[in-house]
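Structure first, commentary second.
The values are calculated or read from the model by the stated rules, or taken from the named source; none is laboratory data. Every value quoted in this text rests on a predicted model; they were computed, and no experiment measured them. Neighbour counts run over all protein chains shown; Cβ positions are idealised from the backbone, glycine included. Each accessible area value is taken on the protein alone, full model and side chains, heavy atoms only, with ligands, DNA and RNA left out. Shrake-Rupley method; radii C 1.70, N 1.55, O 1.52, S 1.80 Å.
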Amino acid sequence: MAGSFYKGCFLSMFDYKTKTFIVTKNKRVGVLYRLIQLSIIGYIIGWVFLSEKGYQETDEAIQSSIITKLKGVSMTNTTESGVLVWGPEDYVIPPQGEAVLFVVTNFLETPNQKLGHCAEVRRQNTGSFRIMSGRCLGKDENSTGTCEVYGWCPIERKSEPQGPLLSNAENFTIYIKNFIHFPKFTFSKSNVFETTDNSYLRKCRFEEGLHPYCPIFRLGDITRLAGYNFQDMATFGGSIGIMIEWYCDLDKGNSNCHPQYRFTRMDVSITKQTIAEGFNFRHTRYFKNAAGESYRSLFKVYGIRFNIMVHGKAGKFSIIPTIVNVASGMTLIGGGALFCDMVLLYLMKKGDSYRERKFQRFKMKKSEDNGVEDRKGATEHDNLTS
């Protein structure tokens with residue numbers, strides 16, 4: 001008998017079990033179920049597939065290269081320097097054409113500095129610029145005097161710029177050449193219009209909302225698109241972020257992959273109230289006189305720092321994410337049916353009656369002949385509501 005029992009258990013592994021469906025004439029639960037179905041189907045089609053393109057495989061590991069070049073000439077005339085002509089080799093730092101560059105718009109100069117001993121400037125931190133000699137230079141016997149320092153003399157005077165010296169810098173232009181590559185799809189493109197007309201780049205200027213393949217930007221237009229006036233920024237400087245975004249639907253071909261530009265000022269807070277506003281640093285120019293003595297001119301330069309950043313995402317149809325998202329949608333619909341079952345069985349007034357028909361219970365009884373329990377009952381037939 002034991003052999004028959006184990007044989008029956010083994011053969012039961014190959015039984016196919018189906019579920020019984022009960023049609024419940026309850027309009028409220030029926031309407032709720034159809035609303036859940038429509039909501040899930042709308043979510044899958046509208047959001048997952050149409051909006052988020054859930055049928056596509058994506059690549060966000062964009063590879064990018066930036067090349068920049070500035071053009072424009074300005075002239076300044078100051079007491080310290082006299083007349084100076086500023087070209088890109090003077091006002092662009094660094095001059096190599098990188099993704100981060102600084103354009104000088106204003107400066108303070110301390111000319112003809114020479115190494116030697118001189119008096120420090122009161123109320124100025126001299127520790128990081130020169131060495132204290134230990135001598136006190138007093139005007140008279142009652143004066144506390146100032147300390148003598150060894151460094152580049154005369155010492156830089158503490159002063160504030162009164163207005164931008166390179167005021168026409170807003171008419172300078174910056175050429176931003178961007179090459180991008182999505183390795184997963186072996187797709188490459190640039191933000192420069194493909195043409196054989198050599199005069200195209202000389203004539204075009206970037207305008208928001210128009211041709212996206214003119215990479216020539218006027219500096220005044222960049223600050224305006226960031227929400228600021230160039231002349232207001234030029235006195236004390238600032239920082240501008242230029243974001244180039246590539247969102248490419250490769251199912252529609254190359255023609256649907258265009259660069260999009262956003263401009264943001266980065267040296268101010270959301271409230272536009274910060275003591276860190278502006279941007280400046282110091283640099284020097286060294287020279288020797290006829291006698292071979294070394295001198296330098298110290299420049300404290302103010303200007304606009306440009307950070308060019310590239311982001312992107314490409315997508316293309318793939319069967320795997322399509323199947324995954326369809327299966328997820330079917331699972332959600334099954335969850336909707338389970339929710340309606342719970343409402344019907346436990347929240348409706350006739351829940352007890354529905355439960356009696358949904359769950360059929362059989363008691364197990366012992367066989368009078370051999371005393372072995374029959375495998376009838378103690379099973380629940382889970383009947384789903386449709």
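Some observations on this one:
- Residue check, Gly351 in contact with a Leu (Cβ under 6 Å, 6 or more places away or on another chain) and at pLDDT below 90: yes
- Screening Val92 against (1) touching a Leu at 6+ places or on another chain (Cβ under 8 Å); (2) free of Cβ contacts under 8 Å to residues at least 60 places away in the same chain; (3) over 30 Å from Lys189 (Cβ atoms) leaves a single unmet condition, (3).
- Taking segment 67-84 as the range and being polar (S, T, N, Q) and more than 32 Å from the chain's Cα centre (by Cα) as the test, the residues that pass are Ser74, Thr76, Asn77, Thr78, Thr79, Ser81.
- Given (1) modelled with pLDDT of 85 or more; (2) open to solvent by 90 Å² or more (accessible area, probe 1.4 Å); (3) within 30 Å of Asn229 (Cβ to Cβ), index of the condition Tyr150 fails: (3)
- Residues of segment 285-304 include none that is under 30 Å from Asn178 (Cβ atoms), assigned to a helix (DSSP H, G or I) and either open to solvent by 70 Å² or more (accessible area, probe 1.4 Å) or modelled with pLDDT of 90 or more (or both).
- The set of residues from segment 193-210 being open to solvent by 100 Å² or more (accessible area, probe 1.4 Å) and at pLDDT 90 or above comprises just one member, Arg205.
- Pairs meeting the criteria (first residue in segment 144-170 and without any contact (Cβ under 8 Å) to a residue 12 or more places away in the chain, second residue part of a loop (DSSP other than H, G, I, E, B), beta carbons under 7 Å, at least 6 apart or on different chains) are Gly145/Gly138; Gly145/Lys139.
- Qualifying strands (runs of 3 or more DSSP E) (wholly inside segment 137-255; at least 1 residues being touching a helix residue (DSSP H, G or I) at 6+ places or on another chain (Cβ under 9 Å)): 173-182, 187-190, 216-218, 238-249
- Inside segment 7-66, residues that are over 40 Å from the mean Cα position of the chain (by Cα), touching a residue at least 12 places away in the same chain (Cβ under 8 Å) and not in a helix (DSSP H, G or I) make up a count of 7.
- Asp221 open to solvent by less than 20 Å² (accessible area, probe 1.4 Å), under 23 Å from the mean Cα position of the chain (by Cα) and charged (D, E, K, R): no
- Residue satisfying all of: in segment 256-274; without any contact (Cβ under 8 Å) to a residue 24 or more places away in the chain and assigned to a loop (DSSP other than H, G, I, E, B); most open to solvent (accessible area, probe 1.4 Å) among these: Ile270
- A single entry from Ile40, Ile45 fulfils the requirement of being farther than 30 Å from Phe306 by Cβ and open to solvent by less than 40 Å² (accessible area, probe 1.4 Å): Ile40.
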